[in-house]
Amino acid sequence: MSKRFLSILSFVLALFCALAAVAGEKPNFVFILADDLGYGDLSCYGQKKFTTPNIDRLGSEGLKFTQFYAGSTVCAPSRCSLLTGYHTGHAFIRGNKENPPLIGEFPIPPETITLAKKLKEAGYVNGAFGKWGLGTPPSSGAPCNQGFDEFFGYYSQWDAHNYYPPYLHHNETKIELDGKTYSHDLIEAEAIRFIRENKDRPFFCYLPVTIPHAAMQVPEAYVGPFRKQFSEFENTIGKYSWNTEVRNPVAAFPGMLSRLDETVRKVLELLQELGIDENTVVLFSSDNGPHKEGGHRSDFFESFGPLRGYKRDMTEGGIRVPLLVRWPGRIRPGGVSETLGAFWDILPTFCELAGTEPPPGIDGISLVSTFLGKPEEQKQHEYLYWEFYEQGGKVAARKGDWKAIRLNVNAEPNGPVELYNLKDDIRELNDLSNDHPERVREFEEIFRKAHTRSDVFHFDWE
């Protein structure tokens, strides 16, 4: 028997044993969600002015999606889409909306079936660490009422604009702070503790961190390495809420990404230390496109990558986001997928991996076939759809290589439609609506059937 044959046989047996070892186990999930990070803000997606080596590692040791989309172009509806499996034509939360009696965002209703509730039914313990944004206690939208066993961080996204807050929350207990403690340090520490304490049972660690949302704040140890590189901005002052002033917010931005990159390193090292690395799926994404607030110069960093647009836009820069997925032994390292996917696909994907059925009627589809390198078995979306209620009202849809956008929906519900072929025009500069009226009519029908009226979030004409 040849050495080559024995080598191949040994590899096959080792692979079989590895697969058999995890086949009967429910995988753990760690989902790290950045806040306002653009498609081009990671070095593995083309960022040239700084590097994110540990985040990049998720792709080099796993799978990188190039055509994945957030649930919305702003944070609250995007997070609702992620946790419920619905796009913003059907989801309950479709915009950033305050709920003054509760001093926070409008809450998701008590009957909502969330990803955490489904995983809890399957035997998981669920923890959320970072920015919630879907309802504060005692409302129905609080994490403890939506399937999470533990929460630490900011309940309200309005509070999360400050990285040195006077308090955070651990479940419903207010943790008073001195105003000098960097909130991300505490959020990271609580997530690490949660993983360590639950290593012997299936867990879902949801990490919706606030980095790199404005204000542009990070400890000097992380800014220092970039001050010389971006010294021409040293006298620039970035201003944001709470009268926050940051000197050289341009240098602060890569410092913030370095701090987040360090969090990813710590999580991966912990999984290895605990011996659960091969049974943990780690995902990294962002809730929408890049912001332009607090002195952040997203144009300078080309945070949108090859795309056009920012947070609150319906062009690709506002809604297309990174997705990196790592699962040693199950996901082939270094893969790149052009599969069309969106936040509403995460719930059915996790449900399939956890061995439980997703809720009926959701908009998402499972991406497990893509994760496991079986693209020929992957179910495809008929279309992807978004709607947004600010700035005059906007809707958008993608079908195959084609993308359509309608602006000023409040004033013109049947107004003109912009049409782009993303395969040839990824920056959406060449409107082809006059050349393809049949495509326009097709998208007008999608706009009609994908939208259901909401009593809370609705266009002016409804």
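Across the range 188-319, Cα pairs under 8 Å and at least six residues apart give a relative contact order of 22 percent. Using alpha carbon centroids, what distance separates the range 251-287 and the range 184-248, in Å? Answer, in whole Å: 13. To the nearest µm²/s, what D does Stokes-Einstein give for the range 40-198 at 4 °C and 1.567 mPa s, using the Kirkwood radius over alpha carbon pairs as Rh? Once the numbers are plugged in, D ends up at 76 µm²/s.
Between the listed residues Ala191, Gly329, Ala91, the Cα displaced farthest toward the positive end of the dipole of the chain, a dipole computed from Cβ unit charges relative to the Cα centre, is found at Gly329. For the chain, the C-alpha radius of gyration sits at 0.96 times the compact-globule guess of 2.2 N^0.38 Å, with N the residue count.
Taking 19 Å as the straight-line reach from the Cα of Lys266, the lysines in range (excluding those fewer than 8 positions away in the same chain) are Lys199. Cross-link partners of Lys374 among lysines, defined as those whose alpha carbon lies under 21 angstrom from its own and excluding same-chain residues fewer than eight positions apart: Lys26, Lys64.
Think of each Lys and Arg Cβ as +1 and each Asp and Glu Cβ as -1; about the Cα centre, that makes the dipole of the range 328-462 roughly 420 debye. Taking each residue as 0.36 nm, the span from Thr51 to Arg332 lengthens on full extension beyond its C-alpha to C-alpha distance by 98.8 nm. Checking the cross-link pairs Lys117/Lys379; Lys403/Lys449; Lys49/Lys228 against a 18 Å limit on the alpha carbon distance flags Lys117/Lys379 as lying beyond it. Summary of the geometry: the range 72-147 and the range 415-459, compared by the centres of their Cα atoms, lie 28 Å apart. This model, with +1 at the C-beta of Lys and Arg and -1 at the C-beta of Asp and Glu, gives the range 261-349 a dipole about its Cα centre of some 180 debye.
Label-to-label distance, Glu438 versus Asp200, with points set 7 angstrom from Cα along the beta-carbon direction: 6.5 nm.
Counted residue by residue at 0.36 nm each, then reduced by the alpha carbon distance between them, the extension gain from Glu262 to Asp431 reaches 56.7 nm.
Entry note, the range 16-136: relative contact order of 16 percent, from Cα contacts under 8 Å with a spacing of 6+ residues.
Note on the range 161-209: Kirkwood radius taken over Cα pairs, Stokes-Einstein applied at 10 °C and 1.306 mPa s, translational D equal to 132 µm² s⁻¹.
Each Lys and Arg Cβ is given +1 and each Asp and Glu Cβ -1; about its Cα centre, the chain then shows a dipole of about 920 debye.
We did not get these values from a lab; they are worked out from the coordinates using the rules stated. Note that the coordinates shown come from a computational prediction; the quantities given were computed from them, not determined experimentally. Ideal geometry is used to build each Cβ from the backbone, glycine not excepted, and the neighbour counts take in all protein chains shown.
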